[in-house]
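Each remark here refers to the structure printed beneath this line.
Every read-out reported here was derived from the displayed coordinates using simple, explicitly stated rules and does not represent laboratory data. For clarity, every value in this text was computed on a predicted model and none was experimentally measured. Positions of Cβ are generated from backbone atoms using ideal geometry, with glycine treated the same way; all protein chains shown enter the neighbour counts.
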Amino acid sequence: QPFISARHVTAGYENRRDHTRLIALRDVSLDVARGEFLAIVGPSGCGKTTFINMIAGFVQPLEGEITVDGEPVTGPGMDRAMVFQDYALLPWRTVQRNIRFAMENRRTKPSKAEQDERIRKAIELVGLTGFEKAYPHELSGGMRQRVGIARALVTEPSVLLMDEPFGAVDAMTREAMQAELEKIIAQTGQTVVFITHSIDEAVTLGDRVVVVSSRPGRIKEIVPVDLPRPRM
Ligand code: ADP
Ligand code: ADP
């Protein structure tokens, strides 16, 4: 049984002014195995963010269904965490408090001591030790993205959804962060859906690469990538 399953999913957005509907993704069926790192690549506007937002539960499909671990996705859940393209950090909160916020918002939140330990580990993993008390505006773009990654990791989700998480990072830092991410994933065994517009990045990171065509947001090709990856 696939861990994440999309069945004939169509998604779109309504223009409230003229009541037209833009179809962002049409009739997409896709399975992701438990522990798989799926990279989705495609041109801007082909529906990648829409797709990952449906897995997160932020966007509902117009048709079809998405299930995670056999359960239909009806909204956001604590088994799934998103790393947003634009970081989505709270500017008035420090690095540490931005990360803690992800755990405080949960129905069953870890104890304060457990939260502190997870924050410390996540900050270390993304290489931001020493920046705990910094505010987002004091950090470079790449560092802010790393805070976004740490924030997703502390909730220990079984599904990690990443929307161009290295978009703001320069090429050299990107390579280092790709290596960091591979280490983290190897440690946690998380299922990852990773969006990028870089074929290079998709092939480097993905167990499998899905290419989405620009028109009309249809999956054009699925390229299995047979590269050995470190696994626990
Ligand atoms: P990608 O992530 O591949 O760039 P998106 O999923 O962001 O693609 O967008 C797919 C299509 O849906 C685009 O035409 C985009 O303009 C449109 N779209 C995305 N989000 C919204 C929204 N909130 N409201 C209206 N249209 C949207
Ligand atoms: P990137 O945006 O790719 O993270 P930068 O060139 O902006 O890279 O930063 C490279 C390194 O310089 C960072 O990893 C960090 O160690 C340090 N750095 C960047 N911005 C700051 C800052 N505002 N305060 C302290 N150190 C910083």
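In plain terms, the chain is cut at each of the chymotrypsin sites (Phe, Trp or Tyr not before Pro) found in a DSSP loop with at most 16 other Cβ atoms within 10 Å, and the longest leftover piece is 93-232.
Both radii come from the Cα set of the chain: Rg as radius of gyration, Rh as Kirkwood radius; their ratio Rg/Rh reads 0.96.
Here the Karplus curve 6.51 cos²θ - 1.76 cosθ + 1.60, taken at θ = phi - 60°, turns the phi angles of segment 176-188 into couplings of 5, 6, 4, 5, 4, 4, 4, 5, 4, 5, 4, 6, 8 Hz, with x standing for Gly and Pro. For the chain, the longest principal axis of the Cα atoms and the long axis of helix 112-125 meet at an angle of about 80 degrees. Between Ala171 and Ile199, the distance separating the two model label sites (each 7 Å from Cα on the Cα→Cβ line) works out to 1.7 nm. With K and R counted +1 and D and E -1, the other residues having a Cβ less than 9 Å from that of Gln85 yield a net charge of -3.
Annotation: lysines with alpha-carbon distance below 24 angstrom to Lys183 (same-chain offsets under eight excluded): Lys121. Converting phi to 3J(HN,Hα) with the Karplus coefficients 6.51, -1.76 and 1.60 and the offset θ = phi - 60°, segment 128-142 yields 10, 4, x, 10, 4, 9, 6, 9, x, 5, 8, 10, 6, x, x Hz in sequence order, with x at every glycine or proline.
Just the number, please: Stokes-Einstein D of segment 1-75 in µm²/s, Kirkwood Rh from C-alpha pairs, 20 °C, 1.002 mPa s. The Stokes-Einstein estimate is 166 µm²/s. Other residues whose C-beta falls under 11 angstrom from the C-beta of Ala11 contribute a net charge of 0, scoring Lys and Arg +1 and Asp and Glu -1.
Work out the FRET efficiency for Glu65 and Arg106 from their Cβ-Cβ distance, taking R0 = 22 Å, and round it to the nearest 0.05. Calculated transfer efficiency: 0.30. When you filter the trypsin sites (Lys or Arg not before Pro) in segment 1-99 for DSSP loop state and at most 16 other Cβ atoms inside 10 Å of their Cβ, you are left with Arg16, Arg17, Arg34, Arg93.
Is segment 147-213 best put as rounded, prolate or oblate by its Cα gyration tensor, with a ≥ b ≥ c the root eigenvalues, rounded for a/c under 1.5, and otherwise prolate when a/b is larger than b/c, oblate when not? Note, shape of segment 147-213 comes out oblate. Applying the criteria of a DSSP loop state and at most 13 other Cβ atoms within 10 Å to the trypsin sites (Lys or Arg not before Pro) of segment 102-206 yields Arg106, Arg107, Lys133.
Lys and Arg at +1, Asp and Glu at -1: add these up for the other residues within a Cβ distance under 14 Å of Leu125 and post the number. Charge balance near Leu125 sits at 0.
Amide H contacts of Gly12: Ala24, Leu62, each under 5 Å away and 5 or more positions distant or on a separate chain (H built 1.01 Å from N in the peptide plane; Pro and chain starts excluded).
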